[in-house]
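FYI, it's all coordinate maths here, none of it is from the lab. This one's a predicted model, so the numbers in the text were calculated from it and none came from an experiment. Glycine also receives a Cβ, built like all others from the backbone with ideal geometry; neighbour counts cover every protein chain displayed.
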């Protein structure tokens, strides 16, 4: 990509990746056809669809309509193989529905982005409190509850989104009442709870730190619209702020981005909220902004790499603190290759802004890191090549196309394998 672009125009985001995948897993809880709309056309949805097929479901995806239809049979498989699970951490979200429906779940310990360890202890502890026997066996997390699950009080040590979702999906078919304290409060949790309620579940308190689930005997298939992707929307909002642009982002609830928009405003951007949309007009040069990632309603960890980029070209110095994942500062190392002044110490990064970065080859280690480095390339002199943009397709349907529509000079290409040196035999 060529630097010097000012992003301007209108862009629409579709359904949230972090909601759509969990809603697809939740469909396992009800026999029949569940239809999800506003589903993003991303690689992770394709992976989850294949995982559900191997569990016995029929999955039909209409990319143009943004629709996924999931037909769930009476008899489900219970083993989620490593081949697919390693590609996407969200695969662990089938654990709760499978043990609730089948009384048994074998889910490979997941892989996914290189952003730090995410232990499964909270998932296992929650299901154990519901009466399941949980253990690791040859790389698989195995949960057994042949006599069904029983509601119980559960207090999470940390408001983990994944653990909250798995416990919620398991508890909805458990006998009795489950009270989940210190639950995650993310909008995606609310979206999942609304689906479960539409399916006939009894869920109260989603969006607060205490969720009460009264188990029911069975659920029924429904149609549900996925909420807008707040992280994708935040990406384009940061793009406007970083490039001094003017971007209207449609398809997102501005309330889901409140603290992000406050940070952009503190950095000198003009922010205007509309129903289902937000418009961000960036300054000629942003001001440095301190950011610390926290569970919702705090600053989302997924947007931390974009805060690093913003501060790299801002006026002044700022501290970016990562409280969620220890390895999410890979972006800082790559920004340094573009000339950014970033000093990392533990989970803190001190960024001293420069007027301009300098184009260079860089590597994105995960979805958001790769996207953030693309934005950095837009404010770097010369050409920047970002390797690892395959990650981006796991979170954005057409990131390069959207940026081009906003005025960026961005192209994607398949890089051929490195040629063998003369005289080297191929092995």
- Query: How large is the helix-only mean residue ellipticity at 222 nm for the chain, computed as the sum of -39500 (n - 2.57) over DSSP H runs with n ≥ 4, divided by its residue count, in deg cm²/dmol to the nearest 500?
  - Reply: -8500 deg cm²/dmol
- Item | Gain in span if fully extended, residue 204 to residue 86, counting 0.36 nm per residue against the direct Cα distance | 39.2 nm
- How many percent of all Cα-Cα pairs in the chain sit more than 27 Å apart? 52
- Computed over the Cα atoms, what is the radius of gyration of the stretch 17-225 divided by 2.2 N^0.38 Å, N being its residue count? 0.91
- Message: Cβ neighbours within 10 Å, averaged per peptide: list 127-139, 17-29, 231-243 in order, most packed at the top.
- Response: 231-243, 17-29, 127-139
- Task: For helix 161-171, report the angle its Cα long axis makes with the longest principal axis of the Cα atoms of the chain; keep it between 0 and 90° and round to the nearest 10°.
- Result: 20
- Message: Rounding to the nearest 10 and keeping the result within 0 to 90°, find how far the Cα-based axis of helix 17-26 lies from the longest principal axis of the chain.
- Response: 10
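Fewest first, what order do 345, 229 take by the number of other Cβ atoms within 10 Å? Numbers along the way, then the final one.
Values: 345 9, 229 28.
Sorted ascending by nearby Cβ count, the order is 345, 229.
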- Query: Expressed as an acute angle from 0 to 90° and rounded to the nearest 10, what is the orientation of the C-alpha long axis of helix 230-243 relative to the principal long axis of the chain?
  - Reply: 10
- Message: Rounded to whole Å, give me the distance from the Cα center of the stretch 221-260 to that of the stretch 60-75.
- Response: 25
- Starting from the Cα of residue 67, move 7 Å in the Cα-to-Cβ direction to define the label point; list residues of the stretch 17-47 whose amide nitrogen is under 16 Å from there. 33-41
- Calculate the spin-label point distance for residue 412 paired with residue 275, positioning each point 7 Å from the Cα along the beta-carbon direction, and give it in nanometres. 3.4
- Item | Label zone at residue 319 (point 7 Å along Cα-to-Cβ), backbone N below 11 Å, the stretch 285-307 | 290-292
- Message: I want the antiparallel fraction of DSSP beta bridges within the chain, as a percent rounded to 5.
- Response: 70
- Here the FRET efficiency for residue 216 versus residue 37, based on Cβ atoms and R0 = 22 Å and rounded to 0.05, is 0.35
- Query: Which whole-number percentage describes the relative contact order of the chain, with Cα contacts under 8 Å and a sequence gap of 6 or more?
  - Reply: 17
- Pseudo-spin-label distance residue 10 to residue 75, built 7 Å along Cα→Cβ, given in nm, is 5.3
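R0 = 22 Å: FRET efficiency of residue 336 with residue 266, Cβ-based, nearest 0.05?
Working: r = 25 Å, r/R0 = 1.13.
Approximately 0.35, to the nearest 0.05.
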- Message: Springs between alpha-carbon pairs under 10 angstrom, Gaussian network model over the chain: which of 267, 215, 382 fluctuates most?
- Response: 382
- Item | Normalised contact order of the stretch 17-225, rounded percent, pairs of Cα under 8 Å and 6 or more residues apart | 21
